[in-house]
Structures are given as structure tokens and as C-alpha cells.
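Participant: Okay, handing you the structure first.
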Protein chains: 2
Amino acid sequence: MKKIINEPATVVVDALRGFEVAHADLVRVSYDPVFVVRADAPVRGKVALVSGGGSGHEPLHIGFVGPGMLDAAVPGEVFTSPTPDQIVAAVRAVGGGAGVLLIVKNYTGDVLNFELAAEMALAEGIEVRTLVVADDVVAQRGVAGTLVVEKILGAAAAGGADLETCLEIGRHVASHAFSIGVALEAGTVPHVGSPGFVLGPAEVEYGVGIHGEPGHERQELRPARALVEGMASEVAVQLPVGRGDRVLVLTNGMGGTPPVELYLAHGIAERSLVEHWGVVVERRLVGSFVTSLEMRGLSITVVVLDGARIFLPEERSRLARLVEWWDAPVRTAALRWGM
Amino acid sequence: MKKIINEPATVVVDALRGFEVAHADLVRVSYDPVFVVRADAPVRGKVALVSGGGSGHEPLHIGFVGPGMLDAAVPGEVFTSPTPDQIVAAVRAVGGGAGVLLIVKNYTGDVLNFELAAEMALAEGIEVRTLVVADDVVAQRGVAGTLVVEKILGAAAAGGADLETCLEIGRHVASHAFSIGVALEAGTVPHVGSPGFVLGPAEVEYGVGIHGEPGHERQELRPARALVEGMASEVAVQLPVGRGDRVLVLTNGMGGTPPVELYLAHGIAERSLVEHWGVVVERRLVGSFVTSLEMRGLSITVVVLDGARIFLPEERSRLARLVEWWDAPVRTAALRWGM
């Protein structure tokens with residue numbers, strides 16, 4: 001195992017020390033227990049958004065802490081859920097009197113520990129709700145779509161949405177986000193020392209998650225056009241939309257994938273979604289945002305922003321702001337625009 | 001060779017198609033000859049900044065095209081210089097009447113082809129100057145420091161600096177930028193099919209460039225603390241600064257390096273520079289900006305922003321704006337803040 005680390009046991013804290021010094025204008029880091037909050041937390045009168053999960057997926061979630069997105073991120077050890085104590089400490093640090101929404105990727109450990117933390121916080125009188133994201137179409141895990149949920153909710157909360165409204169918006173976005181991933185090479189968990197799976201020289205792991213677990217099936221590596229069109233179709237069949245409906249497409253690198261491959265894949269994905277499925281790609285994002293250590297691979301996520309066939313009129317007026325919330329100013333380590 | 005591509009011959013154009021669709025609000029792409037310009041080019045009355053070089057270093061340079069940074073980027077094939085014809089076509093497309101500055105990384109082919117292009121443009125009556133960046137302390141190649149030169153010049157040109165002033169500022173920044181790189185694993189050029197070098201399970205290539213060429217020497221992989229402190233020192237001995245002088249530190253991933261390793265390294269680099277060299281880290285940037293395909297590794301760049309011992313009083317007043325130019329609004333695919 002070759003990595004630029006000191007020792008496996010201190011990877012998370014050592015990386016957080018660098019993150020803290022790099023982004024001292026944006027965040028404060030607590031080391032005991034470990035969590036990251038925006039520098040001006042708590043923000044009085046705003047619903048606070050807290051996410052977290054195992055480390056090794058950076059910039060998710062620490063890189064999304066800041067104005068317009070998360071109030072706190074709670075990183076566990078690599079690919080290991082944070083403890084309830086950690087989570088509740090972060091909740092206490094960011095609660096601004098308008099309640100706290102926990103955004104949780106759908107993994108057993110995360111769901112369990114965030115729910116325990118929610119109970120502990122409720123017992124202390126803090127109003128807490130939990131939102132579970134399960135955008136992966138293969139195994140209903142929470143993957144790259146989580147970023148979109150966090151961005152949209154960040155804007156809604158900054159705009160004054162109350163806790164129940166945030167939960168409702170979050171459930172809507174999460175249930176209209178669909179992702180699929182593929183890997184050419186797995187990452188290596190530092191304290192394990194060997195990769196999560198080993199592929200042959202022409203094999204890919206198809207339908208892969210972000211924890212080095214095996215995917216849906218092992219396939220032969222095809223040219224990008226065939227591979228990515230297949231991925232786009234696999235996502236598109238899930239979409240409750242018709243021609244002309246508006247979507248956001250996220251092409252996400254897994255940590256070891258260079259931009260040249262991401263952009264190449266994004267072009268194929270977007271063209272395929274437009275030509276074969278008739279959707280309008282209203283917004284897009286390309287980059288390595290939800291990673292799996294140094295895994296080589298990528299995921300395609302499609303989020304439905306507006307679809308005439310599925311939204312009732314009253315729902316449409318409420319959700320017409322999804323694009324506006326996506327575009328709203330954000331200032332975090334990994335996503336920044338408008339400020 | 002496993003990559004998410006169609007075929008080696010079309011990698012650059014296929015990736016540009018994805019880049020164009022992802023950033024249609026920012027850029028226009030020409031395919032014959034190949035170059036990328038900001039969507040609103042030419043900007044009348046502003047010095048135009050043009051850079052370029054072999055592809056495979058993305059987001060450099062295409063990801064730096066936009067308001068506040070480059071007017072055009074000219075990508076060659078992977079690790080291959082763009083042709084003079086390509087470059088001069090980009091120069092024609094962005095020239096806004098105030099002259100054009102070519103920013104060139106110090107590689108023989110790039111320098112030659114950009115100089116030929118400059119002569120061709122001059123013969124057409126376009127005022128052109130050339131700035132060569134050679135920040136790599138091992139072999140005077142142009143590497144990650146080029147990003148800092150492009151950002152600062154982008155702001156200076158946007159602020160109305162004329163061609164000679166831009167050249168002077170650029171020369172100053174370039175001559176005060178120092179970088180060193182290390183690789184754990186080389187990338188593979190698509191049309192070559194095998195990595196630039198192969199390392200043993202505990203070896204690193206030290207003093208490496210961004211084209212898969214071997215580095216200064218092969219070393220045993222040490223813990224990050226020893227490795228990165230050594231890199232920081234190697235850069236710091238070049239600095240013409242003393243205690244209390246102000247610098248910018250860029251910790252740059254080479255394409256296949258996850259954020260957890262970059263932040264971990266950045267923390268060590270910054271602490272080491274402050275504790276052992278007494279400098280003040282005024283600004284910093286951490287991410288994969290100047291890559292070498294999917295190479296695993298990173299570079300540390302230090303740029304002197306202000307140093308009492310080296311700047312004459314009249315020079316200091318002229319250069320007091322380096323931090324201001326760095327902070328100035330920028331809107332590109334890869335660097336964006338303030339707009």
C-alpha cells in the first residue's frame with residue numbers, strides 16, 4: 001500500500017488538520033469529539049443541516065460546510081460511521097433554535113448512529129429530523145446524489161425554510177435522484193492495506209458503491225461510449241419523467257479519475273440522456289466530489305428538477321425553486337459560486 | 001491500460017466535447033483548429049491572456065478560461081505541444097486590441113511553438129509578448145506555479161494593466177514561484193498504453209515533472225511528515241525571503257490523488273514552512289489543478305507574495321497588489337470565487 005500518510009491510525013485527524021489550516025476562513029474543526037462546523041456557527045434562526053459518515057469520500061461532507069450548504073459534517077474513521085456522541089456534539093454546536101436536519105447516506109451504520117444521535121438530541125430538547133438519501137439504483141445506497149440534496153437544502157435553509165419544509169424538500173429531491181457507479185480499480189483502506197477488490201486488466205466493477213464493496217456485476221471494459229450510455233440508460237429508466245422534463249446531471253469522479261476521463265464521460269452521458277430520453281439538461285456538475293479514497297471510476301447521477309407528468313400543480317409551484325436553490329450562492333471548500 | 005475513453009486517437013476532442021457541454025456558459029470550443037476561448041471573447045481593450053500545452057494536465061489550462069483568468073487555452077494532444085497554427089488561431093480569436101500575452105510552461109516544444117506563433121501573430125500586426133514559467137526547482141520546467149501566474153495576471157489584465165505591465169508582473173510572479181513534485185505511480189498516455197515509469201511497492205519518484213518523465217531520483221516512501229517536510233524544505237531554500245515574509249502555498253494533486261492525502265500533505269507543508277522557515281502563509285490552495293493524467297502524487301508550490309528583503313521600495317508599491325489580484329473575482333470551470 002502506497003499512500004502519502006503518516007500512519008493508518010491518524011489519517012483522518014491528520015487530514016483534518018490540513019483541511020482546517022487550508023480553510024480557516026470557512027470552518028472550525030473539533031478534534032474531541034471529531035466534527036467540522038462552519039466558522040460562524042450557530043446561525044441563529046436558521047435550520048441547521050448536519051451530515052456525515054465514514055471518511056474517505058472527501059470532499060463530501062467536510063468540503064460542503066459553509067454558507068449556503070452544510071452547518072456541520074461529522075467524519076468517522078475511513079469507511080466507518082461516526083459515533084452517536086460525535087454526531088450529537090455537532091448538533092449541539094450548530095443548533096440555532098430553528099431545529100436541525102440530519103442528512104444521512106443509506107448505510108446501516110450511518111442510519112443507526114444518526115438515529116441514535118437524533119434521539120439523544122431530542123431528549124435534550126433539540127428539535128431534530130432525519131433525512132435518508134438512497135440514490136444508488138443498484139443497491140439503494142446513499143452516493144453522489146447526496147451532494148445535490150445538500151446543496152438544494154443548504155439554499156432552502158439559508159432562505160428561511162423551516163424544519164418541516166426542509167425535510168419535505170429533502171425527501172422530494174432524494175426520491176428524485178438516481179445514481180450508478182463503475183470502477184476500474186478499487187481504493188485501499190489505510191488500516192486494511194489491500195484494495196477492496198482486484199480486477200483483471202480488462203475488467204470493470206459495474207454498479208459499484210463508495211466503500212470498496214463489490215458492485216452489481218463484473219463486466220469487460222467497453223469503449224466509454226458504450227459503457228457510459230449503458231450507465232445513463234440504467235439511471236434514465238428510473239426517472240419518472242418524460243420528454244422535455246428538466247434534470248440535473250452530475251458526473252462524479254471516485255478519487256483517482258482524471259478530469260479528461262470525467263469530461264469525456266460527461267459529454268456522452270448528457271448527449272445520451274438528451275437524444276435517447278428526451279430530457280432537458282438544465283444544470284450539470286463535473287468533478288470528484290463524492291469519492292472512495294483513490295478509486296478509479298466514476299458515477300452518473302440524474303436528479304429530476306421538474307417534470308410535468310409527476311408533479312401535481314400545487315407541488316410544482318412549491319418545487320419550482322429547485323433550480324433557483326441549486327444556483328443560489330454557496331461558499332464551501334469544494335463548491336463555491338456567487339460569493 | 002484501463003481508461004474511460006473511446007480510443008486513444010480521439011481522447012482530447014472527446015473530452016473537449018464534454019467540457020464544452022458542461023461549461024457552455026463560460027467557454028466556446030473550436031475543433032479545427034482546437035482551442036478554447038471564453039464565451040464573451042474578444043474582450044475589447046483588455047490584454048488577452050493565452051496559455052496552452054499538451055493535454056492531460058486538466059483542469060490546466062482549459063479549466064482556467066473565463067472572466068478574471070485566461071482568454072484562451074490551446075490544448076495539444078496528450079503530453080504534446082499544440083501547433084503554432086492552433087496557437088495563432090486562438091490569439092486571433094481573443095485579441096481585443098490591447099495586445100496578447102502568451103503564458104508558456106518551460107518545455108522545449110511548447111516554447112518553440114508558442115514563439116513561432118508569436119512571430120506569426122506579430123507579422124499579422126497583433127501585439128504579442130511571451131512569458132515562460134519555469135517554477136520546478138529540480139529541472140526548471142513549468143508546473144503547478146503556472147496556475148498562480150495565470151490567476152494573478154488574469155486579475156491584473158481584468159483591472160486594466162497594459163501589455164508591458166502584464167509581462168512585468170508575470171515575470172515577477174514566475175520568478176518567485178518554486179515547486180517540487182513527487183509521484184507514487186505514473187499515469188499512462190493513451191496512445192502509449194503503458195505508464196511513464198514503474199515503481200516498486202515502496203518507491204516514490206522524487207522531483208517528478210508532469211509528463212511521466214522520471215524524476216530527480218527514486219526514493220523509499222517515507223511517512224508523509226518526513227516526505228513533505230523534505231519537499232517543503234527543498235522549495236524553501238530557493239525562496240529569497242526571510243522571517244515574516246508572505247507567501248502563497250499550493251498543494252496540488254497530480255490527478256489520481258484523493259483529497260484526504262492532499263489535505264494531510266498540505267497541513268504538514270504549511271506547518272513546516274511556518275515553523276522552520278518563519279514565513280507567513282497569506283493564501284493557500286489545495287486540490288488537483290495541474291495534473292499528469294491519473295498519476296498518483298502531488299506537488300508543493302510556494303510563491304512569494306511580499307518579502308521585505310528582496311523588494312525595493314518602488315517595486316513593493318507596484319507589487320503590493322499580488323494578494324489583491326489573487327483574491328479578485330474569477331469565474332472558470334476549475335477556479336471560481338467572488339462571482
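Derivation of every value follows stated rules applied to the coordinates shown; laboratory data play no part. As the structure is a computational prediction, the values presented were derived from the model and not from experiment. Cβ: placed from backbone, ideal geometry, glycine included. Neighbour counts: every protein chain shown.
Participant: Per residue, how big is the convex hull of segment A:21-179 when only Cα atoms are used? Give it in Å³.
Facilitator: Value for segment A:21-179: 91 Å³ per residue.
Participant: Right, next: Can you name the residue in chain A whose Cβ lies closest to the A-to-B rotation axis, and give that gap in whole Å?
Facilitator: Spelled out, residue of A and its Cβ distance from the axis onto B: A:GLY256, 2.
Participant: With r as the distance between the Cβ atoms of B:ARG218 and A:TYR31 and R0 = 30 Å, compute the FRET efficiency 1/(1 + (r/R0)^6) and round to 0.05.
Facilitator: 0.25
Participant: I've got another one for you. Once the protein assembly as shown is represented by equal point scatterers at the alpha-carbon sites, with solvent omitted, what log10 I(q)/I(0) does the Debye formula produce at q = 0.11 Å⁻¹?
Facilitator: Taken in order of the listed q values, log10 I(q)/I(0) reads -1.11.
Participant: Sticking with the crude label model, points 7 Å out along Cα→Cβ, report the distance from B:LEU122 to B:ASP85 in nm, one decimal please.
Facilitator: Here the modelled spin labels are 2.3 nm apart.
Participant: Running a GNM on chain A with Cα contacts under 10 Å, which residue among A:PHE178, A:PHE19, A:PHE35 ends up with the highest mean-square fluctuation?
Facilitator: Ranking A:PHE178, A:PHE19, A:PHE35 by mean-square fluctuation puts A:PHE19 first.
Participant: Please give the net charge around B:GLY97, taking every other residue with its beta carbon less than 11 angstrom from that of B:GLY97, where Lys and Arg add +1 and Asp and Glu add -1.
Facilitator: Net of charged neighbours comes to +1.
Participant: Please give me, ordered by residue number, the trypsin sites (Lys or Arg not before Pro) of segment A:16-65 that lie in loop per DSSP and have at most 12 other Cβ atoms within 10 Å.
Facilitator: Values: sites: A:ARG17, A:ARG28, A:ARG38, A:ARG44, A:LYS46; in loops: A:ARG44, A:LYS46.
The qualifying sites are A:ARG44.
Participant: Shifting gears a bit: Considering only the label points, 7 Å along Cα→Cβ from Cα, what distances in nm to one decimal separate B:PRO8 from the same position in each other copy, shortest first?
Facilitator: Once sorted, the set of distances for B:PRO8 reads 3.7 nm.
Participant: Rank these for me by crowding, A:ARG296, A:ARG271, going from fewest to most other beta carbons within 10 Å.
Facilitator: Numbers: A:ARG296 26, A:ARG271 18.
Ranked by crowding around the Cβ, least crowded first: A:ARG271, A:ARG296.
Participant: Largest first and in whole Å, give the semi-axes of segment B:180-337's equivalent ellipsoid, each being the square root of 5 times a Cα gyration tensor eigenvalue.
Facilitator: 30, 19, 13
Participant: Also, I was wondering about something else. Taking H placed 1.01 Å from N in the peptide plane, check which residues at least 5 places from A:VAL143 or on another chain put their amide H under 5 Å from its amide H.
Facilitator: A:ASP135, A:ASP136
Participant: Under the rule of -39500 (n - 2.57) per DSSP H run of 4 or more residues, summed and divided by the residues of chain B, what mean residue ellipticity at 222 nm is obtained, to the nearest 500 deg cm²/dmol?
Facilitator: Estimated from H runs of four or more residues: -10000 deg cm²/dmol.
Participant: Here is a follow-up. Which pairs break 27 Å Cα to Cα here: B:LYS46/B:LYS151; A:LYS46/A:LYS151; A:LYS2/A:LYS151; B:LYS46/B:LYS105; B:LYS2/B:LYS105?
Facilitator: A:LYS2/A:LYS151; B:LYS2/B:LYS105
Participant: While we're on this one: If the label for B:THR108 sits 7 angstrom from Cα along the Cα-to-Cβ line, what are its distances to the same label in every other copy, in nm to one decimal, shortest first?
Facilitator: Those separations, rounded to one decimal, come out as 6.0 nm.
Participant: Principal axis extents for chain A, Cα atoms only, whole Å, descending order, please.
Facilitator: The principal-axis extents, from largest down, are 55, 53, 34 Å.
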